[in-house]
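Colleague: Here it is: the structure, laid out below.
The values are calculated or read from the model by the stated rules, or taken from the named source; none is laboratory data. Predicted model only: the values in this text are computed from it and were never measured. Quick reminder, even Gly has a Cβ in these numbers, built from the backbone with ideal geometry, and neighbours come from all protein chains shown. Just the protein is used for accessible areas: all its heavy atoms, side chains included, with ligands, DNA and RNA removed. Shrake-Rupley method; radii C 1.70, N 1.55, O 1.52, S 1.80 Å.
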Amino acid sequence: MVKHPAFSLDSADDCLEAIHCCLIKESIDMSAYIDDEDERLIFAIEALLDKGMGEHALLDFVLEASQVIYDFAEKGFTTELFRKRINATHFLKSLYFRLAFRNEGAKVRETILHVLEKGHHQLYTP
């Protein structure tokens, strides 16, 4: 859809919100993504970047999408949160490398590293 010539960047926020909803959705069986869904979601982000979406918009999206990684502090440990967390972390890792392959988004990549490190320490450091 984003690659269509009639697509306008005015809809970029709606596209990013749809991707965010995919990352935090609750499945009936509470399963995490297992078939490269995180990788496929990034095609839309790449298309938005190709259309001229700025790094600042992507940075805001990354910060919003990463919030689920920190939800344990407030909501406790649940299977549902672990599934959402794994979807978000896999997505961010994939996004990090796809941006690196394109040699784009240095600030976004730096933020992703910080988010993943903080999330790791929050969950695994006593």
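Colleague: Kindly indicate the residue of the stretch 110-126 that is within 17 Å of the chain's Cα centre (by Cα) and open to solvent by 60 Å² or more (accessible area, probe 1.4 Å) and also farthest from LEU48 (Cα to Cα) among those meeting that condition.
Modeller: Of the residues in the stretch 110-126, the ones within 17 Å of the chain's Cα centre (by Cα) are 110-120.
Cutting the leftovers down to open to solvent by 60 Å² or more (accessible area, probe 1.4 Å) gives us 110, 113-114, 117-118, 120.
Details: GLU110: 20, LEU113: 22, HIS114: 24, GLU117: 27, LYS118: 28, HIS120: 29 Å.
Taking the candidates together, the pick is HIS120.
Colleague: Would you check if LYS107 is assigned to a helix (DSSP H, G or I), of a type outside the set (Asp, Glu), over 10 Å from the mean Cα position of the chain (by Cα) and crowded, with 16+ Cβ neighbours inside 10 Å? Steps first, please.
Modeller: Working: assigned to a helix (DSSP H, G or I): yes; of a type outside the set (Asp, Glu): yes; over 10 Å from the mean Cα position of the chain (by Cα): yes; crowded, with 16+ Cβ neighbours inside 10 Å: no.
Taking the combined requirement at face value, the residue does not satisfy it.
Colleague: Enumerate the helices (runs of 4 or more DSSP H) found wholly within the stretch 1-86, keeping only those where 2 or more residues are more than 24 Å from GLN122 (Cβ to Cβ) and open to solvent by less than 50 Å² (accessible area, probe 1.4 Å).
Modeller: Values: elements: 12-24, 37-51, 55-65, 72-75.
Correct list: 12-24, 37-51.
Colleague: Within the stretch 61-105, count every residue that is among the acidic types (Asp, Glu) and at pLDDT 90 or above.
Modeller: First pass over the stretch 61-105, keeping only residues among the acidic types (Asp, Glu): 64, 71, 74, 80, 104.
Next, only the ones that are at pLDDT 90 or above stay: 64, 104.
So the answer is 2.
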